[in-house]
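J.: Following this message is one structure expressed as structure tokens.
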Amino acid sequence: MSTTEPAVELHGITKRFPGVVANHDIDITVAAGTVHAIVGENGAGKSTLMKILYGMQRPDEGTIEVNGAVADLHSPSDAIARGIGMVHQHFMLADNLTVLENVVLGAEKLHGIGAGARRRIQEISDQYGLGVEPGRLVEELGVGARQRVEILKVLYRGAKILILDEPTAVLVPQEVDELFANLEELKREGLTVIFISHKLDEVLKVADAITVIRRGTTVASADPREVSARQLAELMVGSELPVPELRESTVTDVPVLTVEDVTVRDATGRAVVDGVSLTIHEGEILGIAGVEGNGQAELVEAIMGMLPVESGVLRLRGQDLVGRSTRHRREMGIGFIPEDRHRHGLLLESSLWENRVLGHQTRPPNVKGILIDRAGARRDTERIVEDYDVRTPGIDVAAASLSGGNQQKLIIGREMSGEPKLLIASHPTRGVDVGAQSAIWDHLRRARGEGLAVLLISADLDELIGMSDTLRVILRGRLVGEADPATITPDALGSLMTGAGEGSAA
Amino acid sequence: MISNLLAKSYARTVVAALVALVFAIVVTSIVLSVSGFNPPSTFQAMFSFGKQPDSVVNTVNRAAAYYLSALAVAIGFRMNLFNIGVDGQYRLAAMVAAAAGGAWALPAGLHQLVIILVAAVVGGAWAALAAILKVTRGVSEVISTIMLNFIGTGVIAFLLSPDRLAVKVAGSNNIGTKPIASSGRVPGISYPGSDLKIYGLVLLAVLAGLGFWFMVNRTRFGFDLRATGLSQSAAVASGVDTKRMVIIAMALSGAVAGLVGMPQLLGGSYSYSLDFPTGIGFTGIGIALLGRNNPVGIAFASLLWAFLDQSSQILEFNDIPKEIVAITQAAVLLSVVVVYEIVNRVGRRMDQRRVAAQLGEVAA
């Protein structure tokens, strides 16, 4: 670590929004020439803090010091003037412009827009080993290369302190390694990187120092050489983590869902689900592991009838599903916890009891004939709120008012009602707090014990291994391997997911 | 408390509408002052003319047509379908229904019912054309319904000829469909102090409003309709067949549009002639917006609109251009959209904060 004065020092930063405190008493010291990670759960206040540091929000209390001098940041241009640059999680690049044009856009005064700018970009790219070609069109670039363009944009504007907001969220593992190599290079050249993430393994790999944020304040500093991912996670949530695990097997030999040689093509004719076959039995949780975008979402949508199946057989307890509508499949006993609850699971502006009806609008207790049974639906919503511990002041509030974990508990309660035979659970604990996570696992275990068949899709490998009776690996739309959840480690499963190890692993 | 008030969506609507109205009066006053007229006396003149019995009857009759038109638009809006073709739908429906009513001799009771039914079917079918194009070929309903308005105008011009469905109107150069016999007419309602009558079928508008409310809020179909409008992706995942919904909702919207001309046709003109009112379909779009697609809101909006239209007629006697009222209407419309959005956002944020406060959570 460097011994010079800190690059950034935050003291007692407090930010209140009317009615809530987003940040309070934040103290962070970032040493120059290091990669400093800031970790915390979703909603812990990381984004607000970064907005303060980048001049997008003004703190109500506290001081910011940059390179030893107190900085009063009114806008991002103040921050840029002091050498602070931000690489956003969502890229802000114009696809139909070249790299050069994207970089100079808004910074035309620095080196012009012609040869001078091109030379400067090439210099920066060579200096930090970014491998950026100024003449390429951005639309031709992959995700990793685009991110390097974003980093270059910030460097071009003279940043010495880089804020990277969840930079790995959009990258595949190889690209993550490349990014980390780039960060090493930046560090070697004396730059400071502030790295926001909640992926703890990555943080441990890349960071020189770690600050943990919980409920809006800094709760701990950690040395990455001394803590484990699990300890960090516990610091983040402030309590011991629940463990995903199943007790004795409840798997029977009664098949519930049979998928035989199912193929789904996208609009361009590419097979996004390619000859997939699997069977889930009563009392069985079948987990599908795979890097996101390898056909899991499409497989789920095909089973739900939201995407047409090109060929193959889908059967629920012996009854053919192909050709039946989504509604009919739901009525036959499929519960569905969608991956994106805001897009597919909820009507955010509607009340909780109306959301109870959603997806079950043809079945009691929600309807009587062609009419909505308001009393019945409301009563049953009260039951779900009670049984699933949905924290809410009432069932008439809008779904958008609840926290993510409580929204998810409502969805799970809803999808478990009406005695489903099959539950499709896509990322059931994504973005929920620890308490909700452990409750959701309990519900899955109980339902499995009662004979429910579950298709579990998750990016959380611990969850996948701990909660599955059977594990299959999906890669480029094909099921490429099978793993025994009792013996496999997350690392081994991870390499199966990228295609590193073919066939079955034991 | 403001926060409790804004927690209810109907309260948000009322607040937004009132703010918009005040804003519109301010804008109109400014325009009047700049043009050299005295705003208070102008409003005074409009108001005292508007409350005369004849004006009240005209306002109510006009509002009924506006109401049905806005209701038709609102059915589509509720699921993010834009039926811009209400204008063509009601005119074509009124023309065909008038021709049918004039041609067929039926006993009273049945006669009116058949005419109204024909109008609903024609309006629904005309709108369904756009829906079919949308679900089979992906044609935007905005484009197709606008184009169907023009085609409708052409079809009416073709059919409304002495060679086909029209006859000469006695004592004028006008032509129209054969007048509907007295068995097919609907008697008006007297209003004290006026020789004019309120169309009997104003009640049809009331019934349609009640039906709309019931359908949207109480039936499974209405739930699917609202769910599709709020989040199409969530509706699809819940099992709603959106293609089917598009066709049914559009046909329903067109059927209600078909009723727009009925109060006047069966209560006053008895025949569809060249001077049958036009443009009500477009007015309906604005009124549906102002009334937030809510049957009660639309009722107030239609009455306001009709009142402004009616009372503006006095302005020309005072040498004030009556177009000033168009400025008022435009200001109401423009500001209500903006104000509603603001009020809604504030209300929603308050709602979230209230929930967080009640649960004692730290929101970030």
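J.: Chain B: Rg/Rh from Cα coordinates, Kirkwood Rh?
T.: Radius of gyration relative to Kirkwood radius: 1.01.
J.: Set the Förster radius R0 to 56 Å, insert the Cβ-Cβ distance between B:Asp319 and A:Arg383 as r into 1/(1 + (r/R0)^6), and round the FRET efficiency to 0.05.
T.: The formula returns an efficiency of 0.20 here.
J.: Can I ask one more? Using the basic label-point model (7 angstrom from Cα toward the beta carbon), what is the A:Arg188 to B:Leu334 distance in nanometres?
T.: Using points 7 Å along Cα→Cβ, the separation is 6.1 nm.
J.: Assuming R0 = 30 Å, what is the FRET efficiency of A:Glu123 and A:Arg270, from their Cβ-Cβ distance, to the nearest 0.05? Before the final figure, lay out each step's value.
T.: Values: r = 40 Å, r/R0 = 1.33.
It comes out at approximately 0.15.
J.: Hey, which lysines would be in cross-link range of B:Lys51, C-alpha to C-alpha under 16 Å, not counting anything within fewer than 8 residues on its own chain?
T.: B:Lys197
J.: Work out the length of the dipole vector of the protein assembly as shown about its Cα centre, built from +1 on the beta-carbon of each Lys and Arg and -1 on the beta-carbon of each Asp and Glu, and round it to the nearest 20 debye.
T.: Here the size comes out at about 3700 debye.
J.: Averaged over peptide A:354-365, how many Cβ atoms belonging to another chain are found within 10 Å of each residue's Cβ?
T.: Partner-chain Cβ atoms within 10 Å, mean over residues of A:354-365: 4.
J.: Let me ask another. Nearest 100 Å² is fine: what is the total accessible surface buried where chains A and B meet, probe 1.4 Å?
T.: So the total buried area for this chain pair works out to about 3100 Å².
J.: Can you give the accessible area of B:Val155, probe radius 1.4 Å, in Å² rounded to 10?
T.: Accessible area of B:Val155: about 50 Å².
J.: Mind checking which of A:Leu183, A:Thr258, A:Val206 is farthest towards the positive end of chain A's charge dipole, using Cβ charges of +1 (Lys, Arg) and -1 (Asp, Glu) about the Cα centre?
T.: Toward the positive end, the furthest listed residue is A:Thr258.
J.: Using a Förster distance of 60 Å, how high is the FRET efficiency between B:Ser190 and A:Arg324, based on the Cβ-Cβ distance and rounded to 0.05? Please list the in-between numbers first.
T.: On the way: r = 59 Å, r/R0 = 0.98.
Given R0 = 60 Å and the Cβ-Cβ separation, E is 0.55.
J.: How large is the dipole of the stretch B:63-217 about the Cα centre if only Lys and Arg carry +1 and Asp and Glu carry -1, each at its Cβ, rounded to the nearest 20 debye?
T.: 140
J.: Quick one: helix A:173-188 against the long Cα principal axis of chain A, what's the angle to the nearest 10°, folded into 0 to 90?
T.: Once rounded, one gets 20 degrees.
J.: Which sequence of B:Ser33, B:Ser144 reflects their accessible areas, 1.4 Å probe, from the largest down?
T.: Output order, biggest surface exposure first: B:Ser33, B:Ser144.
J.: Then there's this: Tell me, what is the 1.4 Å probe accessible area of B:Thr228, in Å² to the nearest 10?
T.: Looks like 10 Å² after rounding.
J.: Can I ask one more? Specify which residue in the list A:Val30, A:Val313, A:Gly333 is farthest towards the positive end of the charge dipole of chain A, using unit charges on the beta carbon of Lys, Arg (+1) and Asp, Glu (-1), about the Cα centre.
T.: A:Gly333
J.: Please tell me the relative contact order of the stretch B:222-331 in percent, rounded to the nearest whole number, where contacts are Cα pairs under 8 Å and at least six residues apart.
T.: About 10 percent, as a whole number.
J.: Another question, then. Nearest 20 debye, what's the magnitude of the dipole of the stretch A:334-418 about its Cα centre given +1 on Lys and Arg Cβ and -1 on Asp and Glu Cβ?
T.: It works out to roughly 180 debye.
J.: On to the next question. Only residues of the stretch A:397-438 count here: report those whose backbone N is under 19 Å from the spot 7 Å along Cα→Cβ of A:Ala229, or say none.
T.: From the stretch A:397-438, the list is A:427-434, A:437-438.
J.: Could you give the semi-axes, largest first, of the ellipsoid that matches the protein assembly as shown, computed as the square roots of 5 times the alpha carbon gyration tensor eigenvalues and rounded to whole Å?
T.: Whole-Å semi-axes of the equivalent ellipsoid: 58, 36, 26.
J.: Still on this model: What nm value, rounded to one decimal, do you get for the distance between B:Ile30 and B:Asn174 when each label is placed 7 Å out toward the C-beta?
T.: 4.2
J.: Another question, if that's okay. Positive end of the dipole of the protein assembly as shown, charges at C-beta (+1 Lys, Arg; -1 Asp, Glu), about the Cα centre: which of A:Val385, B:Ser55, A:Ala81 has its Cα farthest in that direction?
T.: Positive-most Cα among the choices belongs to B:Ser55.
J.: Provide the gained length on full extension for the span B:Val114 to B:Ala326, in nm with one decimal, where the gain is 0.36 nm per separating residue minus the Cα-Cα distance. Mind showing how you got there, number by number?
T.: Working: separation 212, 0.36 × 212 = 76.32 nm, distance 3.73 nm.
Length gained, B:Val114 through B:Ala326: 72.6 nm.
J.: Run the accessible area of the stretch B:102-170 with a 1.4 Å probe and give the carbon-and-sulfur part as a rounded percent.
T.: Values: 2930 of 3790 Å².
Taking all protein chains in place, the stretch B:102-170 shows 77 percent carbon and sulfur surface.
J.: Please count, across chain A, the pairs of lysine residues with Cα atoms under 15 Å apart that sit 8 or more places apart or on different chains.
T.: 6
J.: How far, in degrees from 0 to 90, does helix A:404-416 lean away from the longest principal axis of the Cα atoms of chain A, to the nearest 10?
T.: 20
J.: Sticking with this structure for a sec: With a probe of 1.4 Å, find how much accessible area the protein assembly as shown has per residue, and write the answer as a whole number in Å². Please list the in-between numbers first.
T.: Values: 37360 Å² over 870 residues.
Value returned for the protein assembly as shown: 43 Å² of accessible area per residue.
J.: Separate question: Treating cross-link reach as a plain straight distance, find the aspartates and glutamates whose alpha-carbon is under 20 Å from the alpha-carbon of B:Lys168, omitting any fewer than eight places away in the same chain.
T.: B:Asp275
J.: Looking at the stretch A:421-499, which GluC sites (Glu not before Pro) are DSSP coil and have at most 14 other C-beta atoms within 10 Å of their C-beta?
T.: A:Glu450
J.: So what's the gap between the Cα centers of the stretch A:453-490 and the stretch B:97-111, to the nearest angstrom?
T.: Going from one Cα centre to the other spans 70 Å.
J.: Follow-up. Determine the gain in length on full extension of the stretch A:Asp60-A:Asp396; use 0.36 nm per residue of separation and subtract their C-alpha separation, reporting nm with one decimal.
T.: Details: separation 336, 0.36 × 336 = 120.96 nm, distance 3.45 nm.
Extra length available between A:Asp60 and A:Asp396 comes to 117.5 nm.
J.: Could you give the nm distance between label points at B:Leu274 and B:Phe214, where each point is 7 Å from its Cα heading toward the beta carbon?
T.: 4.3
J.: Evaluate the Kirkwood expression for the hydrodynamic radius of the stretch A:358-506, namely the inverse of the mean inverse distance over all pairs of different C-alpha atoms, and round to one decimal in Å.
T.: Evaluated on the stretch A:358-506, it is 17.2 Å.
J.: What order do A:Arg317, A:Arg363, A:Arg476 take when sorted by accessible area (1.4 Å probe), most exposed first?
T.: A:Arg476, A:Arg317, A:Arg363
J.: From the C-alpha gyration tensor of the stretch B:239-351, pull out the three semi-axes of the equivalent ellipsoid (sqrt of 5λ each), sorted largest to smallest, in whole Å.
T.: For the stretch B:239-351, the semi-axes come out at 29, 26, 10 Å.
J.: Oh, and also: Compare B:Arg91, A:Arg247 by solvent-accessible area with a 1.4 Å probe and give them largest first, with all protein chains kept in place.
T.: Heavy-atom accessible area, descending, gives A:Arg247, B:Arg91.
J.: Provide the percentage of antiparallel DSSP beta bridges, counting only those with both residues in the stretch A:145-284; round to the nearest 5. Intermediate values should be presented prior to the final figure.
T.: On the way: 12 of 17 bridges.
Percent antiparallel among DSSP bridges in the stretch A:145-284 is about 70.
J.: Follow-up question, since we're still on this one. Considering every residue in A:324-335, what mean count of other chain Cβ atoms within 10 Å of its Cβ is obtained?
T.: 2
J.: Cα atoms only, chain A: Rg and Dmax in Å?
T.: Over chain A's Cα set, Rg and Dmax evaluate to 25.1, 75 Å.
J.: Apply the membrane-span-like helix rule to chain B: whole DSSP H runs, Cα extent along the own long axis of at least 18 Å, mean Kyte-Doolittle hydropathy at least 1.0. List the helices found.
T.: Membrane-span-like by this criterion, though nothing is claimed about a membrane: B:9-34, B:110-137, B:141-159, B:202-218, B:242-258, B:295-311.
J.: Can you give the accessible area of A:Asp223, probe radius 1.4 Å, in Å² rounded to 10?
T.: 40
J.: Summarise the partner chain shielding of A:215-223 as one whole number: the mean count of Cβ atoms from other chains within 10 Å of each residue's Cβ. Intermediate values should be presented prior to the final figure.
T.: Working: counts 3, 3, 1, 0, 0, 0, 0, 0, 0.
The mean count of partner-chain Cβ atoms within 10 Å per residue comes to 1.
J.: Contour minus end-to-end for A:Glu450 and A:Arg476, with contour as 0.36 nm per residue of separation and end-to-end as the Cα-Cα distance? List each step's numbers first, then the result.
T.: Values: separation 26, 0.36 × 26 = 9.36 nm, distance 3.38 nm.
Here the answer is 6.0 nm.
J.: Now for a separate question. Only Cα pairs under 8 Å and at least 6 apart count here; give the relative contact order of the stretch B:38-319 as a rounded whole percent.
T.: About 39 percent, as a whole number.
J.: On C-alpha positions alone, give me the angle between the axis of helix A:115-128 and the longest principal axis of chain A, in degrees, nearest 10.
T.: 70
J.: Assuming a ≥ b ≥ c are the square roots of the Cα gyration tensor eigenvalues, decide whether the stretch A:423-478 counts as rounded (a/c under 1.5), prolate (otherwise, with a/b larger than b/c) or oblate. Before the final figure, lay out the partial values.
T.: On the way: a/c = 2.10, a/b = 1.25, b/c = 1.68.
The shape class here is oblate.
J.: What is the stretch A:8-237's relative contact order, in percent, from Cα pairs under 8 angstrom and six or more apart in sequence?
T.: That works out to 29 percent.
J.: By the gyration tensor of its Cα atoms, with a ≥ b ≥ c the square roots of the eigenvalues, what is the shape of the stretch A:121-272: rounded for a/c under 1.5, prolate for a/b over b/c, or oblate?
T.: oblate
The values are calculated or read from the model by the stated rules, or taken from the named source; none is laboratory data. The model shown is predicted, which means the values in this text are computed figures rather than measured ones. All Cβ positions, even for glycine, are placed from backbone atoms using ideal geometry, and neighbour counts span all protein chains on display. SASA here: full protein model, heavy atoms, side chains in, ligands and nucleic acids out. Shrake-Rupley method; radii C 1.70, N 1.55, O 1.52, S 1.80 Å.
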